[in-house]
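Inspection log for the structure reproduced underneath, given as structure tokens.
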Amino acid sequence: MTKAIRIHEHGGPEVLQWEDMDIGAPGDGEVRIRHTAVGLNFIDCYQRSGLYPMDLPLTLGTEAAGVIEAVGLGVEGFAVGQRVAYAGGQMGSYAEERIMNAGVLVPMPDGIEDQTAAAMMLKGMTAHMLLVKCYPVSAGDTILVHAAAGGVGTILCQWAKHLGATVIGTVGSDAKAEIAKAHGCDHAINYSTENFVERVREITGDAGVPVVYDSVGKDTFEGSLDCTSKFGYVISFGNASGPAPAVEPLTLMAKGSLFLGRPTLIHYTADHALRLEAARALFEAVEGGAVKIEVGQTFPLAETAKAHAALEGRATTGSTVLLP
Ligand SMILES: NC(=O)c1ccc[n+]([C@@H]2O[C@H](COP(=O)([O-])OP(=O)(O)OC[C@H]3O[C@@H](n4cnc5c(N)ncnc54)[C@H](OP(=O)(O)O)[C@@H]3O)[C@@H](O)[C@H]2O)c1
């Protein structure tokens, strides 16, 4: 028996139940992992609430680090006792132990601790997708990152800075502005008290930015279109305040021949070679010191409901790790 956080219906954090689960032994191509640290991600809230409808009942969670406890037939390249981490691929990380397909695992380098791994895999590979695949940021670009003091935000801003960009970040409080500045932001805008479109125009001498990375969605999306320079890219990649509204193609023309993207990491890491490419780039950025992973808070896995309430209540900074 193991313990896991499961849902039987969609709803608020109160639907998260701490339950016994019988996971059995690994089948062909599978391993059993004992988790040492589990990553909390905003997508877990969308899947819990039903914004992203799921088949129920379900063990939530898409990211963790741990140790292999048993190996099924036909598994190559992984052994009992090995440290591994994963993000995406197969839900069910909100558990003390689990069975999973070995194909989505990434061996962990010795230099990266388990809590750091659980804090960075999904968020860091997302940063790689955004900075390298969606719009290749290069030295000299001035870019805009919303929710810059958050999990993805703190990684994205540092990595962009390392690539030579000037980073403008938005945040919900003055305390978060300090965190954003300590993690790669050259200019932190408190969008609770300041008009971020006006501030971006001011900082860029009215030119706007060639790319906006918008994970906030509903509350920021239209402003993001107004911050973007001619031929620029608006990359909408999250719904923290609710889904971004629909946009007419003609609006993109009128705002300066803009490009709109709505990527998901699921597609960008669907293939193992792509997943390894992103993971290796991330390990290099972290081990080389370009990106520091900020674990802002931890919660016992059994108290995941509190962690969800904190994340949705804008009360977290950096990444959040759940401890089995
Ligand atoms: N497309 C993909 O493949 C992909 C992959 C990973 C993550 N994401 C997205 O990236 C975003 C960041 O994920 P994360 O896990 O690192 O979360 P996070 O950024 O640590 O937390 C979300 C932040 O959004 C801001 N926010 C603004 N309005 C909000 C509202 N009404 N309710 C809640 N938060 C609000 C808050 O920061 P302030 O208080 O500073 O505003 C909050 O801290 C999420 O939107 C997530 O869905 C997308």
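List of remarks:
- Among the listed pairs 133/218; 3/218; 3/161, those beyond 29 Å (Cα-Cα): 3/218; 3/161
- In plain terms, the residue of 266, 179 with the fewest other Cβ atoms within 10 Å comes first and the most crowded comes last, giving 266, 179.
- Size-normalised alpha-carbon gyration radius of the chain, reference 2.2 N^0.38 Å: 0.99
- In units of the rule-of-thumb radius 2.2 N^0.38 Å, segment 39-130 shows an alpha carbon radius of gyration of 1.12.
- Inter-label distance, nm, simple model (7 Å from Cα along the C-beta direction), residue 201/residue 251: 1.8 nm
- Span from the segment 157-230 Cα centroid across to the segment 12-78 one, whole angstrom: 34 Å
- Cut-off under 5 Å, modelled amide H: who pairs with residue 97 long-range: 3, 35
- Modelled FRET efficiency - R0 22 Å, residue 80 with residue 280, Cβ distances, 0.05 increments: 0.35
- Extension gain, residue 306 back to residue 110 (0.36 nm per residue minus Cα-Cα distance, nm): 67.4 nm
- Pairs of alpha carbons in segment 112-208 whose separation is greater than 24 Å (percent): 19 percent
- Around the amide H of residue 188, modelled in the peptide plane, lie the amide H atoms of 169, all under 5 Å away and 5 or more residues distant in sequence or on another chain.
- For segment 211-324: rounded, prolate or oblate by the Cα gyration tensor [a/c cutoff 1.5]: oblate
- Calculated from backbone phi, Karplus (6.51, -1.76, 1.60) coupling profile of segment 188-200 in Hz, x at Gly/Pro: 10, 10, 7, 6, 7, 10, 10, 7, 5, 5, 4, 5, 5
- For the chain, the residue among 211, 237, 7 whose Cα projects farthest onto the positive side of the dipole built from Cβ charges is 211.
- Every helix of 4 or more DSSP H residues in the chain counts as -39500 (n - 2.57), and over all residues that averages to -8500 deg cm²/dmol at 222 nm.
- In this simple spin-label model, placing a label point 7 Å from the Cα along the Cα-to-Cβ direction at both residue 55 and residue 290 gives a separation of 4.0 nm.
- Potential lengthening between residue 133 and residue 20 on full extension [0.36 nm per residue; Cα-Cα distance subtracted]: 36.6 nm
- Segment 139-262: equivalent-ellipsoid semi-axes (sqrt of 5 x gyration tensor eigenvalues, Cα, Å): 21, 16, 13
- Ranking of 128, 146 by count of other Cβ atoms within 10 Å, fewest first: 128, 146
- DSSP loop GluC sites (Glu not before Pro) with at most 16 other Cβ within 10 Å excluded, longest remaining stretch of the chain: 195-324
- Residues 224, 192, 93, 229, ranked from the fewest to the most other C-beta atoms within 10 Å, line up as 192, 229, 224, 93.
- FRET E, pair residue 193, residue 297, Förster distance 22 Å, beta-carbon r, rounded to 0.05: 0.35
The numbers here are math on the coordinates, done by the rules we state, and not lab data. Every value quoted in this text rests on a predicted model; they were computed, and no experiment measured them. Note that we place each Cβ from the backbone using ideal geometry, even for glycine, and neighbour counts take in every protein chain shown.
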